[in-house]
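Trainee: Have a look at the structure that comes next, please.
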Amino acid sequence: MSNINLDQIDSMQYDVLTEIGNIGAGNATTALSTMINGKVDMCVPKVALLEFKDLPDMVGGAENLVVGILITLEGEINGMMMFMLEQKSAYHLVNLLMGKAQDDEAFTEMEFSALKEIGNIIAGAYLSSLSTLINIRINASVPYLSIDMAGAILSVPAIEFGKVGDKALIIETQFSKDDSDVNGYFILIPTLESYDVILTSLGL
Amino acid sequence: MGEMIKIGMADLKVCTAPNVLTTLGLGSCVGIVLYDSFSKTAGMVHVMLPDSTKIKNSENAAKFADTGIDALILRLAAIGANRSRLIAKIAGGAQMFAFTSDNDMLRIGERNTEASKLKLQSLGIHIVAEDTGLNYGRTLEFYPETGELYIKSVGRPLKIM
């Protein structure tokens with residue numbers, strides 16, 4: 001069984017993890033694009049080993065106001081999947097879906113629920129493609145939603161990682177709509193053991 | 001005004017007036033400020049987890065409530081703070097997501113707060129102000145000049161304590 005060492009990720013492991021981000025986010029982006037009936041671009045995924053204090057910089061800084069939709073993974077693959085949207089993008093996305101002409105600056109209960117569902121569908125697309133690729137079932141929780149500063153939201157997965165080490169290995173993909181009014185990130189944060197499971201199942 | 005000294009997750013720093021200590025977007029982590037009003041020295045630690053003894057790979061002392069506070073006191077002593085004059089102000093420990101499962105993550109904010117308070121109590125350091133729990137992030141700024149802790153949150157008025 002491959003044992004991933006956080007400080008010595010070889011280029012092969014790095015490539016495989018990037019490709020996982022690519023495939024997962026590719027599917028998720030397609031789902032998002034279908035949902036809003038518009039073109040959505042995604043960037044090349046970043047696989048990064050980060051110290052906790054640098055984590056919020058990945059998503060525009062600790063005080064950046066974001067909508068975070070968190071799904072916890074259990075079973076053979078443990079960890080978290082997070083779908084983050086800049087707050088403005090979230091308003092835009094919800095209004096687009098609910099058929100409102102203007103971008104409101106507050107969410108109703110109904111819109112909260114819609115936002116959770118968006119997260120669910122999109123994260124589901126990411127996870128199901130990952131699950132197919134590695135041929136392992138991934139059990140995902142219901143989506144949890146929080147609107148707050150990026151640093152505060154990221155503290156939740158960071159704490160999980162803090163239990164096993166001093167750094168977090170994350171696979172992050174940024175996406176944006178062509179007119180750049182929808183901006184966000186997919187972040188996959190498996191536990192260390194789960195990285196081993198993923199890499200082993202792919203023959204590494 | 002002095003310099004803004006930024007403290008990241010699992011990080012700790014000390015300073016003297018007129019400099020300012022700040023930590024941004026505190027979620028389930030807890031920010032602990034120790035302050036000596038006489039020498040106007042202060043330190044802040046941003047802890048992520050309650051207990052270092054339950055975790056392997058605990059190289060970074062600032063990550064845990066127990067070791068973080070110890071480390072902070074040592075650093076404060078080194079810049080001239082008097083151990084017996086130290087008082088504490090703590091904030092953070094929110095529950096960012098409304099988890100429904102009985103997973104451990106559920107109460108991590110609360111546990112961080114409890115552990116921080118216990119540790120401070122055991123050291124005989126008086127907690128003069130506390131703003132913990134609930135479900136929102138906090139940005140902290142501590143001014144050793146006045147001893148005031150500013151707490152900023154999204155959509156909430158500025159809190160000074």
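The values are calculated or read from the model by the stated rules, or taken from the named source; none is laboratory data. Predicted model only: the values in this text are computed from it and were never measured. Quick reminder, even Gly has a Cβ in these numbers, built from the backbone with ideal geometry, and neighbours come from all protein chains shown.
Trainee: State all residues of segment B:59-76 that are surrounded by fewer than 23 Cβ atoms within 10 Å (Cβ to Cβ) and basic (K, R); if no residue qualifies, say none.
Mentor: B:R75
Trainee: Would it be correct to say that A:A152 is out of contact with any helix residue (DSSP H, G or I) (no Cβ under 8 Å at 6 or more places or on another chain), closer than 21 Å to B:N135 by Cα and in a helix (DSSP H, G or I)? Full working, then the answer.
Mentor: Details: out of contact with any helix residue (DSSP H, G or I) (no Cβ under 8 Å at 6 or more places or on another chain): yes; closer than 21 Å to B:N135 by Cα: yes; in a helix (DSSP H, G or I): yes.
So A:A152 fits the description; yes.
Trainee: Moving to a separate point now. If I filter segment A:174-183 for residues that are part of a strand (DSSP E or B) and in contact with a helix residue (DSSP H, G or I) (Cβ under 7 Å, 6 or more places away or on another chain), do I get at least one hit? Before you say what the answer is, go through the steps one by one.
Mentor: In the first step, residues of segment A:174-183 are kept if they are part of a strand (DSSP E or B); the result is A:174-177, A:183.
Narrowing the set further to residues that are in contact with a helix residue (DSSP H, G or I) (Cβ under 7 Å, 6 or more places away or on another chain) leaves A:175, A:183.
For segment A:174-183, residues part of a strand (DSSP E or B) and in contact with a helix residue (DSSP H, G or I) (Cβ under 7 Å, 6 or more places away or on another chain): present.
Trainee: Please find, among A:A106, A:A150, the residue that is of a type in the set (G, A, S), surrounded by fewer than 16 Cβ atoms within 10 Å (Cβ to Cβ) and within 14 Å of chain B (Cβ to nearest Cβ). Break it down into steps so the answer makes sense when it comes.
Mentor: Numbers: A:A150 fails: surrounded by fewer than 16 Cβ atoms within 10 Å (Cβ to Cβ).
Result of the check over A:A106, A:A150: A:A106.
Trainee: Mind listing whichever residues of segment A:162-173 are within 9 Å of chain B (Cβ to nearest Cβ) and either assigned to a helix (DSSP H, G or I) or closer than 9 Å to A:A48 by Cβ (or both)?
Mentor: Start the filter on segment A:162-173 by keeping residues that are within 9 Å of chain B (Cβ to nearest Cβ), which leaves A:162-166.
Result: A:G162, single match.
Trainee: Pairs, please: C-beta under 6 Å, at least 6 apart or cross-chain, first residue among the aromatic types (F, W, Y) and in segment A:37-53, second at pLDDT 80 or above and not in a loop (DSSP other than H, G, I, E, B)?
Mentor: A:F52/A:A158
Trainee: Those residues that are aliphatic (A, V, I, L, M), assigned to a strand (DSSP E or B) and more than 8 Å from every other protein chain (Cβ to nearest Cβ), I need them from segment B:1-35; list them, please.
Mentor: Pass one, segment B:1-35, residues aliphatic (A, V, I, L, M): B:1, B:4-5, B:7, B:9-10, B:12, B:14, B:17, B:20-21, B:24, B:26, B:30, B:32-34.
Then drop every residue that is not assigned to a strand (DSSP E or B), which leaves B:4-5, B:12, B:14, B:20-21, B:24, B:26, B:30, B:32-34.
B:M4, B:I5, B:L12, B:V14, B:V20, B:L21, B:V30, B:I32, B:V33, B:L34, listed by residue number.
Trainee: Since B:I108 meets every condition but one in (1) in contact with a Pro (Cβ under 9 Å, 6 or more places away or on another chain); (2) in a strand (DSSP E or B), which condition does it not meet?
Mentor: Here B:I108 meets the rest and fails (2).
Trainee: Among the residues of segment B:36-58, write down those that are without any contact (Cβ under 8 Å) to a residue 40 or more places away in the chain and assigned to a loop (DSSP other than H, G, I, E, B).
Mentor: Selection gives B:I55, B:K56, B:N57, B:S58.
Trainee: Looking only at segment A:40-87, which residues are within 14 Å of chain B (Cβ to nearest Cβ) and of a type in the set (K, R)?
Mentor: A:K53 - this is the single residue of segment A:40-87 that is within 14 Å of chain B (Cβ to nearest Cβ) and of a type in the set (K, R).
Trainee: Give A:I159, A:I69, A:I171 a once-over and let me know the one that is touching a Pro at 6+ places or on another chain (Cβ under 7 Å) and within 18 Å of B:G27 (Cα to Cα).
Mentor: Working: A:I159 fails: touching a Pro at 6+ places or on another chain (Cβ under 7 Å); A:I171 fails: within 18 Å of B:G27 (Cα to Cα).
Going through A:I159, A:I69, A:I171 in turn, just one is touching a Pro at 6+ places or on another chain (Cβ under 7 Å) and within 18 Å of B:G27 (Cα to Cα): A:I69.
Trainee: Of the residues A:L65, A:L70, A:L6, which is at pLDDT below 85 and aliphatic (A, V, I, L, M)?
Mentor: Working: A:L65 fails: at pLDDT below 85; A:L70 fails: at pLDDT below 85.
Criteria check complete, one pass: A:L6.
Residue-by-condition table, conditions (1) closer than 27 Å to A:E63 by Cβ; (2) at pLDDT 85 or above; (3) of a type in the set (F, W, Y):
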| residue | (1), (2), (3) |
| --- | --- |
| A:Y126 | yes, yes, yes |
| A:L133 | no, yes, no |
| A:L145 | yes, yes, no |
| A:Y185 | yes, no, yes |
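Trainee: Now for a different question. What residue, of B:A94, B:A115, is part of a loop (DSSP other than H, G, I, E, B), out of contact with any strand residue (DSSP E or B) (no Cβ under 6 Å at 6 or more places or on another chain), aliphatic (A, V, I, L, M) and surrounded by 16 or more Cβ atoms within 10 Å (Cβ to Cβ)?
Mentor: On the way: B:A115 fails: part of a loop (DSSP other than H, G, I, E, B).
Only one candidate qualifies: B:A94.
Trainee: For residues that are over 18 Å from the mean Cα position of the chain (by Cα) and crowded, with 24+ Cβ neighbours inside 10 Å, tally how many sit in segment A:153-167.
Mentor: Within segment A:153-167, the first condition is being over 18 Å from the mean Cα position of the chain (by Cα), and the residues that meet it are A:162-166.
Applying the additional criterion that residues be crowded, with 24+ Cβ neighbours inside 10 Å yields A:162.
Count: 1.
Trainee: May I pose another question? Only one of these conditions is not met by B:M48: (1) in contact with a Cys (Cβ under 7 Å, 6 or more places away or on another chain); (2) modelled with pLDDT of 95 or more. Which number is it?
Mentor: (2)
Trainee: Looking only at strands (runs of 3 or more DSSP E) that lie completely in segment B:120-161, which have at least 1 residues being within 12 Å of another protein chain (Cβ to nearest Cβ) and closer than 30 Å to A:G68 by Cβ? It would help to see each step written out before you state the result.
Mentor: On the way: elements: B:126-132, B:138-143, B:148-152.
The qualifying strands (runs of 3 or more DSSP E) are B:138-143, B:148-152.
Trainee: Just to be sure, is A:V94 among the β-branched types (V, I, T), closer than 22 Å to B:G155 by Cβ and within 18 Å of the chain's Cα centre (by Cα)?
Mentor: Values: among the β-branched types (V, I, T): yes; closer than 22 Å to B:G155 by Cβ: yes; within 18 Å of the chain's Cα centre (by Cα): no.
Taking the combined requirement at face value, the residue does not satisfy it.
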